[in-house]
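Written below as structure tokens is the structure these notes are about.
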Amino acid sequence: MKVHVRNMLKKEEIIDKVIKGDIKLHEIEKYAINTNEAVEIRRKFIEGISNTKIEHISNYSLNMNDAVKRNIENPIGAIQIPVGVAGPIKINGDHAQGDFYMPLATSEGALVASVNRGSAVISQSGGVTVKIIDDKMTRAPAIKAESVNEAFEIKKWIEENFSKLKKAAEVTTSHGRLLKIEPILVVGRYLYPRFVFTTGDSMGMNMVTIATEAALNLLKHETGAHVIALSGNVCVDKKPAALNLIEGRGKTLVAEIVIPRKVIKDILKTTPEAIEEVNLAKNMIGSAISGSMGFNAHYANMIGAIFLATGQDEAHIVEGSLGITTAEDKNGDLYFSVTLPDVPVATIGGGTRLETARECLEIMGVYGTGKVRKFAEIVAATVLAGELSLLGALAAGHLARAHNDLGRG
């Protein structure tokens, strides 16, 4: 039976030692009986130094013992974000087929209602078609050569020895596959090769980082290349970037629908021509003149809400918000599409392990192995629903009224 060294200390004594600096916040687990006691001690310490009563953060149902292994450090509890459901939405995808309800975690009044309205339009129009155009995860190190000539030689070696690098990378994973290394950018004597992988049902950022490091070890041994950083920002991870908009990252998705004029009139209270004009003026011209990388109205709203609900990496919301919305009058009806080039999602691993995330994924029938493509198609359909609803509200002049009624109560 394992006996903890701190068994001679009481909680108050541990807190006192933390206050004095004898025990650091991340060391509390070493002295606590278990994880739950460590969380309580840390929380009481924070309450004391901030003169705050942490009542709601301390109430949660997550298994913190599991969470501290992979998801959080120095835990004091968990926050709560309201979760609503929108739907049903009819999806005609290659993997998601049928009617779905989407859990959305948000504190923005009117968002769930807006997605719900867009879902009604979609369902009454026969459903939204969704395609996964590409699927990959990337890692791009920064390498420093002695000269541009040496940088060119390293670039040439990478191109000629791809099979060796692929073998070295794939030894580290049973799911990841190295597809290519491109582009290989040379800037002065700096080199940025972009390693491109498939990662199965996990989002795969950790997977490709470890695999890329293994490939770089071979590169260094064979060429003497000096790796400055495992990530040189050409990945491009957790930042808006034209490269990801063009090349894609995570799941690259396109969702489209043709909506009858009558449905536009009955539900959105506007016309296809008005929505087309709003999209041109706002999403195209307005985005262009402002230098925006996302030619859309609010992808981040839907991406953020579904990411937070399902335990995705919230930093990837900035990538998922990239994309282009098109709206066209098609013989009196409305052709409407959303293109999302960069949506990193997972149905296993990471935050999907958390109990609340698992439940939200299970609502859509997408938790676990073999479900990530189905989930990605639902995400794209959700984005289209919210985007359509907002543009419809703008075209009808209803946006302010909706936020006044729902956002301000």
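To check you understand DSSP bridge types, tell me what percent of the beta bridges within the chain (both residues inside) are antiparallel, rounded to 5.
Working: 46 of 53 bridges.
Here the share of antiparallel DSSP bridges comes out near 85 percent.
Report the calculated FRET efficiency for residue 167 and residue 34 (r = Cβ-Cβ distance, R0 = 41 Å), to the nearest 0.05.
Taking R0 as 41 Å, the efficiency between residue 167 and residue 34 is 0.40.
For the range 136-245, run through the GluC sites (Glu not before Pro) and keep only the ones in DSSP coil with at most 14 other Cβ atoms within 10 Å of their Cβ.
Taking the range 136-245 and a limit of 14 other Cβ atoms within 10 Å, the loop GluC sites (Glu not before Pro) found are 146.
What ranking do 22, 66, 237 get, fewest neighbouring Cβ atoms within 10 angstrom at the top? Intermediate results must be reported in sequence, preceding the final value.
Details: 22 10, 66 13, 237 23.
So the ranking, lowest neighbour count to highest, is 22, 66, 237.
With each pseudo-label sitting 7 Å past Cα toward Cβ, what's the residue 73-residue 152 distance in nm, one decimal?
With each label point 7 Å from Cα toward Cβ, the separation is 4.4 nm.
Any of 90/180; 239/330; 20/44; 131/167; 10/30; 265/330 with alpha carbons more than 25 Å apart? Name them for me.
Checking Cα-Cα distances, 90/180; 239/330; 131/167 exceed 25 Å.
Which length gain, in nm to one decimal place, applies between residue 362 and residue 273 when the Cα-Cα distance is subtracted from 0.36 nm times their residue separation?
28.2 nm
Which ordering of 125, 174 is given by a fewest-first count of other beta-carbon atoms within 10 Å?
Listing 125, 174 from fewest to most nearby Cβ atoms yields 174, 125.
By count of other Cβ within 10 Å, fewest leading, how are 117, 189 ordered?
189, 117
Give me the distance between the Cα centres of the range 140-189 and the range 59-128, rounded to whole Å.
Taking the Cα centre of the range 59-128 as reference, the centre of the range 140-189 is 39 Å away.
Note the full-extension length gain between residue 328 and residue 49 as 0.36 nm times their separation in residues minus their Cα-Cα distance, in nm to one decimal.
Additional length available on full extension: 94.6 nm.
Bear in mind these aren't lab numbers, they're just calculated from the coordinates by the rules spelled out. Remember, predicted model here, so these are calculated numbers, not experimental data. Virtual Cβ from ideal backbone geometry, glycine too; neighbours counted across all protein chains shown.
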